[in-house]
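The values are calculated or read from the model by the stated rules, or taken from the named source; none is laboratory data. It should be emphasised that the depicted structure is a prediction, and the values quoted were computed from it without experimental measurement. As a convention, Cβ positions derive from the backbone with ideal geometry for all residues, glycine included, and neighbour counts pool all protein chains shown.
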Amino acid sequence: MEFKLKAISPDGIEAALSKAELYRLLNEPEETESICHDVLAVEPDHQLALRTLGLAITDQFTGQHSDRYGDVENAFDRLTDAYERLYYRGLFHERRAKAQLHAGRPPHSVTVLLEEAMRCYQEAEKLRPTGNDDAILRWNRCVRLLHGHADSDWHREEVFEMGDTVP
């Protein structure tokens with residue numbers, strides 16, 4: 001027996017996205033992702049569905065090579081608002097860095113990701129709507145993350161065969 005996906009009705013999009021947000025809050029990103037795909041099948045450029053899809057996939061990051069970075073970039077690159085595109089790109093890089101840290105990667109290996117997140121937040125800050133400090137809050141979180149490790153953790157030392165190190 002072959003099973004096929006069924007399309008949701010355009011009138012059901014708002015309710016479906018409310019359920020997707022609820023599943024995100026319940027830490028069920030796979031359910032959220034499934035709903036977003038159903039919405040995007042009906043309305044391919046739905047901005048909330050694209051944002052929620054990207055966030056749901058980042059919720060699944062483990063810091064491994066199997067993380068679906070390209071899927072997140074694709075969703076966030078389709079956002080039409082320049083501020084949102086930059087802000088969510090920053091979130092993508094920040095979440096990728098944090099997942100890699102949680103997976104045991106050394107801090108120096110994620111520096112470039114945090115720097116890119118901060119660059120995106122800095123650019124988003126310039127475009128932010130009045131009263132929206134989200135990019136600043138994320139910037140500050142990255143700074144605190146960087147300050148949460150000793151300076152030496154963020155700089156790689158090269159080890160030679162004889163055991164000598166050069167900073």
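Select from the range 80-107 the residues that are at pLDDT 95 or above, basic (Lys, Arg) and surrounded by fewer than 23 Cβ atoms within 10 Å (Cβ to Cβ) and list them in ascending order.
Arg85, Arg95, Arg96, Lys98 - these are the residues of the range 80-107 that are at pLDDT 95 or above, basic (Lys, Arg) and surrounded by fewer than 23 Cβ atoms within 10 Å (Cβ to Cβ).
Quick check: is even one residue across the range 45-55 farther than 26 Å from Arg141 by Cα and at pLDDT 95 or above? Before the answer, list the steps.
First, pick out the residues of the range 45-55 that are farther than 26 Å from Arg141 by Cα: 45-46.
If we keep only those that are at pLDDT 95 or above as well, we get 45-46.
Scanning the range 45-55, I find at least one residue that is farther than 26 Å from Arg141 by Cα and at pLDDT 95 or above, so the answer is yes.
Could you pull out the residue among Ala49, Ala7, Ala16 that is within 22 Å of Tyr87 (Cβ to Cβ), touching a helix residue (DSSP H, G or I) at 6+ places or on another chain (Cβ under 8 Å) and either hydrophobic (A, V, I, L, M, F, W, C) or in contact (Cβ under 8 Å) with a residue 12 or more places away in the chain (or both)?
Ala49
Residues His108, His65: which one is of a type outside the set (A, V, I, L, M, F, W, C) and assigned to a loop (DSSP other than H, G, I, E, B)?
His65
Could you check, for the range 17-40, whether at least one of its residues is outside any helix (DSSP H, G or I) and crowded, with 16+ Cβ neighbours inside 10 Å?
no
So Pro107 ticks every box in (1) more than 25 Å from Ile136 (Cβ to Cβ); (2) more than 16 Å from the chain's Cα centre (by Cα) but one. Which box is left unticked?
Condition (1) is where Pro107 drops out.
Residues of the range 130-146 being over 15 Å from Arg95 (Cα atoms), loosely packed, with under 10 Cβ neighbours inside 10 Å and not β-branched (Val, Ile, Thr), which ones?
If the condition is that a residue be over 15 Å from Arg95 (Cα atoms), loosely packed, with under 10 Cβ neighbours inside 10 Å and not β-branched (Val, Ile, Thr), then Gly131 is the only one that fits.
Is there any pair linking a residue in the range 66-77 that is farther than 20 Å from Glu43 by Cβ to one that is of a type in the set (Lys, Arg) and crowded, with 19+ Cβ neighbours inside 10 Å, with Cβ under 7 Å and at least six apart or on different chains, and which?
Hits for this filter: Tyr69/Arg96.
Determine whether Arg95 is in contact with a Ser or Thr (Cβ under 6 Å, 6 or more places away or on another chain) and under 19 Å from Asn140 (Cα atoms). Step through it out loud before you land on a result.
Details: in contact with a Ser or Thr (Cβ under 6 Å, 6 or more places away or on another chain): yes; under 19 Å from Asn140 (Cα atoms): yes.
Yes: the conditions hold for Arg95.
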